[in-house]
Amino acid sequence: MDNQILINVTFNETRVAVVESGSVAELYIERKSTPRIVGNIYKGKVGKVVPGMQAAFIDIGINKSGFISVEDVQEDSLYEYFLESGDEEAAQNFSKQQNNLIQDILREGQHVLVQVLKESVGGKGAKLSSYIAIPGKYLVLLGTIEIVGISRKIEDDEERERLTGLLKKIKPDGVGLIARTASQDITEEELESDLNELLCIWEKVKKSSDDKRGPSLIYEEPRLYLKAARDFVSNGMNKILVDSEEAYREITEYLKLNYPDSIADVQMYEESEPLFARYGVESEIKKIFKKKVWLKSGGHIIIEEAEGLTVVDVNTGRYQSGKGQEDTIYNINVEAALEIVRQVRLRNLVGIIVIDFIDIKNRQLREAVYEKFVEALKYDRARSVVHEMSSFGVIQMTRQRLRESILTELAEPCFYCDGIGYLKSIDTVTYEIIRDIKKRMAKRAGKNIKVVANEAVINSMLESEQHNLDKLREQFGVTIEYQPSQEKTDKYKIISE
């Protein structure tokens, strides 16, 4: 199977699966109930400044104020604030200071342009920055800092030097540019075309910021399926399958307008079997709820997620292949290394990750396993720092946290075991039921459908998706009956008659 993007849209939920060589490598979920704000640009209003934390809280117009650390604040923010207030003397005095304390840069009530770096996590507000970055197909435009950079994943020295020269040549004054991985071997004309698009966006952002007062939204990242088209098609994912006519039209129009030279093959999926079931994505999602992941050889890995730390343990299980013990251990470790990287990407494991491989005494074999692991990580879009494997076979790494892990998105702490385990969240079960109902209707499985589920799940369905369910019922001429039960929130039955 070729590398491709699968897009499934179910009413107010969108799911995107990235398939590489037939295996699901990454999964993204967007729900209307929990909208994504990473990449959005806001005109914020500074609230409390906390010198002890060297951070400040900024109201951006959502439920919880975001926070910004001193290293993410431009030092000219307060200079502009003094100028706006008409205090030219204070502005001049400030410009002479060489200080980077938060209390000397931001003031309560000040309006600042900020961008969301990370979603709200664990009750904390979103992480913000005043260094604005707008991604394009080949470039990232830095609106508030003048630098030229090249993606670390472009390793060829000659290509890095070529791109650096091109960026310096086409870069206007007052902005910075970073060449994305997709810019490799791209011509100057194509880079300039992408730059012009980004400059238009940046001008609109600046004008909107001048016209509005905080807190207000200035620029919003595209919907998930449009971001997928933008970010993945330029990285070799030239085939997109989408099961929604509306999303299909938007994607084709978006690519035609923004990337007219794109060779992306966007197809409307119209088979009766659900898209994610057809390509095995649903079965992969179910496995995310399990700690044990079986390897093809008979070995397995155990994945334990905790807040801020994930521990992965490698076990031989039933694996017996190899000329001797050392050879057997090496083979299972290599297979496990590749699968662990896939699971890291698929589950979006973030923060500190500790991997305990089976101990290998031979140093060269240990280094070979480590190299296989690092090589596989090159395909990961998130930044990672990987430490060398210890003599005990342990690799420690940290992975960039832009959003929570997929398990955290799909599940909630189990109230039966006081948070030790997980139950599927009410939203997750709601959309599982809706997809099941749609599947039965498409197969004409019966004229009457009864949903037996926890009362909280049924209430959620009727509250958030009643209108869409009514449209389905009218379209297929089917009645839907809901029967509350005392089952756990992630257990349900659907009966067709």
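Every number here is computed from the coordinates shown, using simple stated rules; none is lab data. Just so we're clear, the structure is a prediction, and the values are computed from it rather than from any experiment. Here Cβ is always computed from backbone atoms with ideal geometry, including for glycine, and neighbour counts include all displayed protein chains.
With R₀ fixed at 25 Å, the C-beta to C-beta distance from W294 to K493 puts the FRET efficiency at about 0.35. Taking each DSSP H run with n ≥ 4 as -39500 (n - 2.57) and averaging over every residue of the chain yields -11500 deg cm²/dmol at 222 nm. Bridges between two residues of the chain, per DSSP, are antiparallel at a rate of about 75%. Here the residues V46, V114, V9, ranked from fewest to most Cβ neighbours within 10 Å of their Cβ, fall in the order V9, V46, V114.
Here is the tail figure for the chain: Cα pairs spaced more than 34 Å apart come to 47 percent of all pairs. Spin-label model, E273 to K450: label points 7 Å out along the Cα-to-beta-carbon direction sit 3.0 nm apart. Taking segment 147-176 and a reference point 7 angstrom along Cα→Cβ of K378, the backbone N atoms nearer than 11 Å belong to 153-156. Listed from fewest to most Cβ neighbours within 10 Å, the set I263, I480 follows the order I263, I480. Note on E220 and V394: with the Förster distance fixed at 45 Å, the Cβ-Cβ geometry gives a FRET efficiency of about 0.60.
Taking amide H positions as modeled 1.01 Å from N, with prolines and chain starts lacking one, the residues under 5 Å from G149 and 5 or more places away or on another chain are L177, I178, A179.
Mind sorting I201, I395 by how few other Cβ atoms lie within 10 Å of their own Cβ, fewest first?
Working: I201 16, I395 22.
Taking fewest neighbouring Cβ atoms as first place, the list is I201, I395.
Using only Cα atoms, what Kirkwood radius does segment 1-73 have, in angstroms? Numbers along the way, then the final one.
Working: mean 1/r = 0.0647 Å⁻¹.
One over the average 1/r among Cα pairs gives 15.4 Å for segment 1-73.
The largest-to-smallest principal axis extents of the Cα set in segment 425-496 are 29, 21, 16 Å.
Between N468 and D59, the FRET efficiency estimated from the beta carbon spacing at R0 = 22 angstrom works out to 0.05. Over segment 303-404, the reciprocal of the mean inverse Cα-Cα separation, the Kirkwood hydrodynamic radius, stands at 13.9 Å. Each semi-axis of the equivalent ellipsoid for segment 133-219 is √(5λ) with λ an eigenvalue of the Cα gyration tensor; in descending order they amount to 27, 12, 11 Å. Which residues does the label zone of N3 cover in segment 141-172, counting backbone N under 18 Å from a point 7 Å along Cα→Cβ? Within reach of a label on N3, which here means backbone N under 18 Å from a point 7 Å along Cα→Cβ, segment 141-172 contributes 151-156.
Were the residues from D327 through C200 laid out at 0.36 nm apart, the gain over their Cα-Cα distance would be 39.9 nm.
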